[in-house]
1. Taking strands (runs of 3 or more DSSP E) that fall entirely within the stretch B:1-58, which contain at least 1 residues that are touching a Phe, Trp or Tyr at 6+ places or on another chain (Cβ under 6 Å), at the interface with chain A (Cβ under 9 Å from one of its Cβ atoms) and under 12 Å from B:Ser93 (Cα atoms)?
2. Just one of the numbered conditions (1) within 14 Å of chain B (Cβ to nearest Cβ); (2) β-branched (Val, Ile, Thr); (3) open to solvent by 10 Å² or more (accessible area, probe 1.4 Å) is not true of A:Thr77; which one?
3. Considering only the stretch A:20-113, give the strands (runs of 3 or more DSSP E) lying wholly within it that have at least 1 residues that are among the hydroxyl-bearing types (Ser, Thr, Tyr) and over 15 Å from B:Gln37 (Cβ atoms).
4. Regarding the stretch B:85-95, can at least one residue be identified that is of a type outside the set (A, V, I, L, M, F, W, C), away from every other protein chain (no Cβ under 13 Å) and not in a strand (DSSP E or B)?
5. Filter the stretch A:54-74 for residues that are among the basic types (Lys, Arg), out of contact with any Asp or Glu (no Cβ under 8 Å at 6 or more places or on another chain) and farther than 22 Å from B:Gln44 by Cβ; which is surrounded by the most Cβ atoms within 10 Å (Cβ to Cβ)?
6. Kindly list the number of the only condition in (1) without any contact (Cβ under 8 Å) to a residue 24 or more places away in the chain; (2) within 12 Å of the chain's Cα centre (by Cα) that fails for B:Pro70.
Amino acid sequence: SQQGEEDPQALSIQEGENATMNCSYKTSINNLQWYRQNSGRGLVHLILIRSNEREKHSGRLRVTLDTSKKSSSLLITASRAADTASYFCATGGLGAGSYQLTFGKGTKLSVIP
Amino acid sequence: EAGVTQSPTHLIKTRGQQATLRCSPISGHTSVYWYQQALGLGLQFLLWYDEGEERNRGNFPPRFSGRQFPNYSSELNVNALELEDSALYLCASSWATSGRSDEQFFGPGTRLTVL
């Protein structure tokens, strides 16, 4: 079953604008990871943020985590046409035997040149 | 460094047949995970192997099974194929569980079509 939801389901922006995607989840987590998927192919790992971290940066990506609200956001700054893809958040569980990821439904991002 | 590889890229089977999908993890990774991405159902966890043992399985029937070999590569077998098994099957690998979950790196997937 899905852990949570991404919001919005679809987002269309102009090249150069910033894109913000949100993710909510239901249970306590060890970490939260963001992935990108192009055209139904494999997932590309973007960033991992642990439950004791609040913010993390990687290049044009900024991820925040609020464990009290069970939510995370992914910000892509200065978007490019090549950023067009589906973005998924996934949570890693606590405790042995729960390291598999539970995925949200994804946000489909379209960046218009 | 080579990433996670999967074979075949595409697989077409008919109902009732068996399918075998293969995955080679990143060198040094001992954990292999299998996920199913079916249209309308999102990404669902199937199976997790570590050090040759099945550590956990998702909510799938027993006809979904697999194994992990001594070199940490893995095989997913789907018996008695049904139309709804048509999906993209993704394999991921990560470092040995060190008391916490870590980044999982995915392969390009195998597209299974059941006719």
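1. Values: elements: B:5-7, B:10-13, B:19-24, B:31-38, B:42-50, B:53-57.
So the answer is B:31-38, B:42-50.
2. (1)
3. Values: elements: A:31-37, A:43-50, A:55-58, A:61-66, A:71-76, A:85-92, A:101-103, A:107-112.
Because the criterion is at least 1 residues that are among the hydroxyl-bearing types (Ser, Thr, Tyr) and over 15 Å from B:Gln37 (Cβ atoms), the strands (runs of 3 or more DSSP E) in the stretch A:20-113 that meet it are A:55-58, A:61-66, A:71-76, A:85-92, A:107-112.
4. Within the stretch B:85-95, the first condition is being of a type outside the set (A, V, I, L, M, F, W, C), and the residues that meet it are B:85-86, B:89, B:93-94.
In the following step, the residues that additionally are away from every other protein chain (no Cβ under 13 Å) were identified as B:85.
From the residues that got through so far, the ones that are not in a strand (DSSP E or B) too are B:85.
Among the residues of the stretch B:85-95, at least one is of a type outside the set (A, V, I, L, M, F, W, C), away from every other protein chain (no Cβ under 13 Å) and not in a strand (DSSP E or B), which makes the answer yes.
5. Filtering the stretch A:54-74 for residues among the basic types (Lys, Arg) gives A:54, A:56, A:60, A:62, A:69-70.
From the residues that got through so far, the ones that are out of contact with any Asp or Glu (no Cβ under 8 Å at 6 or more places or on another chain) too are A:56, A:60, A:69-70.
Of the ones still in play, those that are also farther than 22 Å from B:Gln44 by Cβ are A:56, A:60, A:69.
On the way: A:Lys56: 16, A:Arg60: 14, A:Lys69: 9.
Filtering first and then ranking leaves A:Lys56.
6. Evaluating B:Pro70 over (1) without any contact (Cβ under 8 Å) to a residue 24 or more places away in the chain; (2) within 12 Å of the chain's Cα centre (by Cα) leaves (2) as the failure.
The values are calculated or read from the model by the stated rules, or taken from the named source; none is laboratory data. All figures in this text were calculated on a predicted structure; none of them were measured in a lab. Glycine also receives a Cβ, built like all others from the backbone with ideal geometry; neighbour counts cover every protein chain displayed. Just the protein is used for accessible areas: all its heavy atoms, side chains included, with ligands, DNA and RNA removed. Shrake-Rupley method; radii C 1.70, N 1.55, O 1.52, S 1.80 Å.
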